Amino acid sequence: MRPFDYHRATAPDDAARAAASGGTFIAGGTNLVDLMKLEVMAPERLVDITRLDMRGIEETGDGGLRIGALVSNTDLANDARVRRDWPVLSRALLSGATQQLRNKATTGGNLLQRTRCLYFYDRAMPCNKREPGSGCGAMEGFNRILAVLGTSDHCIATHPSDMAVAMMALGAEVEIARAGGNTERLPLDDLYLLPGDTPERETVLAPGDLITAVILPAPVAGRQSYRKVRDRASYAFALVSVAAVVAVEDGKVARADLAFGGLAPKPWRDKDVEAALLGQPPSEALFDKAADILLAKAQGHGANDFKIPLARRVLSAVLTELTEGAAA
Amino acid sequence: MQTSLTINGETRQLDLDPRTSLLDALRHHLGLTGSKKGCDHGQCGACTVLINGRRVNACLSLLCMHEGDEVVPIEGLGQPGALSPMQQAFVEKDGYQCGYCTPGQICSATAMLEEIAQGWPSHVTADLEARPELTTEEISERMSGNLCRCSAYPNIVDAIRKAAGETA
Ligand SMILES: Cc1cc2nc3c(=O)[nH]c(=O)nc-3n(C[C@H](O)[C@H](O)[C@H](O)COP(=O)(O)OP(=O)(O)OC[C@H]3O[C@@H](n4cnc5c(N)ncnc54)[C@H](O)[C@@H]3O)c2cc1C
Ligand code: SF4
Ligand code: FES
Ligand code: FES
């Protein structure tokens with residue numbers, strides 16, 4: 001690990017100041033410390049934000065929830081309100097990592113965790129994300145875990161978070177304290193950038209911008225599910241995952257909020273897929289049509305080709321589960 | 001870099017490079033070699049310790065970030081002659097072969113029983129709002145962060161059941 005200066009932030013503006021000039025925030029450290037050990041990341045200064053007051057989960061005026069950026073993945077999954085009204089979020093969190101890791105991992109850190117692309121982790125290999133311009137080792141290499149949607153010729157990495165996929169389906173917003181002093185709220189979808197020709201830029205955050213909270217809108221009527229397919233039953237990242245909030249009224253799909261993990265460089269939401277489902281009676285043929293839309297532009301790179309048919313089946317399974325037996 | 005924290009109930013003052021992990025601090029600087037380094041990347045659980053009562057991977061924890069925290073590694077759970085119920089159960093049920101993963105398994109399992117008592121759900125809990133039960137499926141899922149290269153898993157599960165008060 002490269003040497004670094006350590007700064008324990010005492011207030012958000014102190015944190016922003018320390019990070020704006022070459023500092024990197026650290027929260028749970030479960031991703032950053034790992035990457036620092038491998039020297040994939042080598043911050044000159046670590047700004048420890050764990051003493052900031054961002055651990056609360058509060059109800060918002062309109063029935064939603066404001067989740068502080070330092071709320072641990074454990075505390076969020078366990079929250080009685082989340083278990084009752086946003087179970088897809090609890091389910092997504094509980095499907096990720098292990099209890100030991102979830103105890104440390106934070107909401108903000110989880111959103112900003114880096115890809116698990118093997119080439120990104122291996123400094124002997126070319127990787128445009130780690131070293132812009134060096135090439136993409138994964139494109140024609142071991143890319144079984146990588147993306148089929150939203151990629152570019154420069155990078156096919158996936159965003160590995162389960163939590164973010166559920167938050168995307170729930171229409172969450174991110175609250176950001178900009179280094180300049182402003183506070184902003186962005187739809188989660190707008191936090192992330194697609195790789196394009198700058199895969200090293202993953203979000204719209206500038207140095208020193210601090211995520212302070214995630215805001216969930218009020219719960220909606222419908223059934224929720226998080227389905228994660230992976231190489232082993234526990235303690236593995238998603239190959240494909242689907243977070244879904246689905247309602248059926250008068251025999252027709254009245255809501256289909258869907259987000260996908262394991263398929264793209266960011267938690268993936270496609271409104272065209274949802275529009276195709278709305279107002280239609282649920283059926284195998286309808287789910288297939290939704291999958292056609294989702295996967296119209298999907299492109300495999302050999303070892304990850306299987307994700308395309310897998311995504312179709314997982315989507316169909318989730319929609320079947322959530323519409324079956326619903327009031328006809 | 002000065003860090004002051006409580007380890008097994010005793011206040012300890014350490015002056016170490018900020019790069020030092022909590023695991024290395026315990027093993028190399030405090031002579032507490034019970035916690036093991038299997039992978040050093042959060043993947044095996046051999047380094048599991050309790051921080052403020054919760055199980056975490058000490059290898060992904062920087063010592064300097066734990067100012068004021070209470071750390072309990074395996075040595076704090078019990079000692080020869082005064083084993084904790086979980087340690088005793090691992091001995092009686094043969095919950096290990098080489099023993100390398102065992103300190104992490106025991107710290108993890110000790111916290112796990114407490115989590116179940118507090119009603120924390122897991123990935124395999126059918127009803128998120130119901131009290132979780134100590135089924136084999138629940139134990140396996142909740143202990144999945146502790147790998148055992150010797151595959152002593154069946155006996156580890158038996159030991160946990162025994163410590164939980166079931167006569168397995
Ligand atoms: C073995 C292993 C298995 C895992 N399996 C899964 C899995 O199955 N599913 C899954 O979803 N995840 C998994 N994870 C990843 C885990 O969820 C993340 O490591 C964790 O959520 C990161 O949170 P953290 O607080 O530890 O982040 P840190 O490591 O502290 O930070 C991560 C990044 O976020 C930045 N950051 C942190 N907080 C803020 C903030 N408030 N504002 C701005 N920037 C911030 C940091 O600068 C850093 O770049 C796994 C991890 C490991 C090690
Ligand atoms: S897919 Fe992206 S992260 Fe992986 S090697 Fe290519 S550029 Fe790097
Ligand atoms: S040594 Fe910490 S998880 Fe393996
Ligand atoms: S007993 Fe040998 S690794 Fe578990």
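The values are calculated or read from the model by the stated rules, or taken from the named source; none is laboratory data. Quantities reported herein were computed from a predicted structural model and do not represent experimental measurements. Methodologically, a virtual Cβ is constructed for each residue, glycine included, from the backbone with ideal geometry; neighbour enumeration extends over all protein chains shown. With ligands, DNA and RNA removed, areas are computed over all heavy atoms of the protein, side chains included. Shrake-Rupley method; radii C 1.70, N 1.55, O 1.52, S 1.80 Å.
If a residue must be within 9 Å of chain A (Cβ to nearest Cβ) and part of a helix (DSSP H, G or I), how many such residues does the stretch B:57-85 contain?
Step one: list which residues in the stretch B:57-85 are within 9 Å of chain A (Cβ to nearest Cβ), which gives B:57, B:59-62, B:64-65, B:67.
This time we only want the ones that are part of a helix (DSSP H, G or I), so: B:59-60, B:64-65.
Matching residues across the stretch B:57-85 total 4.
Within the stretch B:38-73, how many residues turn out to be within 16 Å of ligand 4 (Cβ to nearest atom) and surrounded by fewer than 20 Cβ atoms within 10 Å (Cβ to Cβ)?
Adding up the residues that qualify gives 4.
For residues in the stretch B:25-77 being among the acidic types (D, E) and under 24 Å from B:Q87 (Cβ atoms), which is nearest to ligand 2 (Cβ to nearest atom)? Break it down into steps so the answer makes sense when it comes.
Residues of the stretch B:25-77 that are among the acidic types (D, E), as a first pass: B:40, B:67, B:69-70, B:75.
Next cut, under 24 Å from B:Q87 (Cβ atoms) only: B:69-70, B:75.
On the way: B:D69: 34, B:E70: 39, B:E75: 41 Å.
Applying the filter and picking the extreme gives B:D69.
Among the numbered criteria (1) open to solvent by less than 30 Å² (accessible area, probe 1.4 Å); (2) in a helix (DSSP H, G or I), which single criterion is violated by B:Q88?
The single condition B:Q88 does not satisfy is (1).
Check every one of the strands (runs of 3 or more DSSP E) wholly within the stretch A:39-133 and list those with 1 or more residues that are away from ligand 3 (no atom under 16 Å from the Cβ) and surrounded by 24 or more Cβ atoms within 10 Å (Cβ to Cβ).
Ranges flagged: A:45-48, A:65-68.
Need the failing condition index for A:V165 against (1) among the β-branched types (V, I, T); (2) over 19 Å from A:W86 (Cα atoms); (3) within 13 Å of ligand 1 (Cβ to nearest atom); (4) in contact with a Gly (Cβ under 8 Å, 6 or more places away or on another chain), just the number.
(2)
Give the number of residues within the stretch B:103-134 that are more than 11 Å from chain A (Cβ to nearest Cβ) and farther than 17 Å from A:Q99 by Cα.
Counting residues in the stretch B:103-134 that are more than 11 Å from chain A (Cβ to nearest Cβ) and farther than 17 Å from A:Q99 by Cα gives 2.
Quick grid of which residues meet (1) without any contact (Cβ under 8 Å) to a residue 60 or more places away in the chain; (2) away from chain B (no Cβ under 14 Å); (3) open to solvent by 50 Å² or more (accessible area, probe 1.4 Å):
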residue: A:D231; (1), (2), (3): yes, no, yes
residue: A:V240; (1), (2), (3): no, yes, no
residue: A:V246; (1), (2), (3): no, yes, no
residue: A:E249; (1), (2), (3): no, yes, yes
residue: A:V253; (1), (2), (3): no, yes, no
residue: A:E274; (1), (2), (3): yes, yes, no
residue: A:S283; (1), (2), (3): yes, yes, no
residue: A:A311; (1), (2), (3): no, yes, no
residue: A:T320; (1), (2), (3): yes, yes, no
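Take the conditions away from chain B (no Cβ under 11 Å) and at negative phi and apply them to A:R45. Does it pass? Even if it seems obvious, please write down each step before you answer.
On the way: away from chain B (no Cβ under 11 Å): no; at negative phi: yes.
The answer is no for A:R45.
From the list A:P187, A:P219, A:P267, A:P195, which one is more than 17 Å from A:L149 (Cα to Cα), away from ligand 4 (no atom under 16 Å from the Cβ) and surrounded by 18 or more Cβ atoms within 10 Å (Cβ to Cβ)? Can you show your working first?
Details: A:P187 fails: surrounded by 18 or more Cβ atoms within 10 Å (Cβ to Cβ); A:P267 fails: more than 17 Å from A:L149 (Cα to Cα); A:P195 fails: more than 17 Å from A:L149 (Cα to Cα).
Of the residues listed, the single one that is more than 17 Å from A:L149 (Cα to Cα), away from ligand 4 (no atom under 16 Å from the Cβ) and surrounded by 18 or more Cβ atoms within 10 Å (Cβ to Cβ) is A:P219.
Looking at (1) within 14 Å of chain B (Cβ to nearest Cβ); (2) closer than 23 Å to B:T48 by Cα, which is the one condition that is false for A:T107?
Failed condition: (1).
Out of the residues in the stretch B:145-159 that are open to solvent by 20 Å² or more (accessible area, probe 1.4 Å) and within 13 Å of chain A (Cβ to nearest Cβ), which is farthest from ligand 2 (Cβ to nearest atom)?
Taking the stretch B:145-159 as the starting set, the residues that turn out to be open to solvent by 20 Å² or more (accessible area, probe 1.4 Å) are B:147, B:149-151, B:153-155, B:157-158.
From what's left, within 13 Å of chain A (Cβ to nearest Cβ): B:147, B:153.
Working: B:L147: 26, B:Y153: 34 Å.
Among them, the one singled out is B:Y153.
Name the residue that is surrounded by the most Cβ atoms within 10 Å (Cβ to Cβ), counting only residues in the stretch A:198-210 that are outside any strand (DSSP E or B) and among the hydrophobic types (A, V, I, L, M, F, W, C).
So the residue we want is A:L205.
Can you confirm whether B:G165 is away from chain A (no Cβ under 14 Å), over 18 Å from B:G34 (Cβ atoms), more than 13 Å from ligand 4 (Cβ to nearest atom) and surrounded by fewer than 16 Cβ atoms within 10 Å (Cβ to Cβ)?
yes
Only one of A:A213, A:A179, A:A218 is assigned to a strand (DSSP E or B) and touching a residue at least 60 places away in the same chain (Cβ under 8 Å); which?
Matching residue, one of A:A213, A:A179, A:A218: A:A213.
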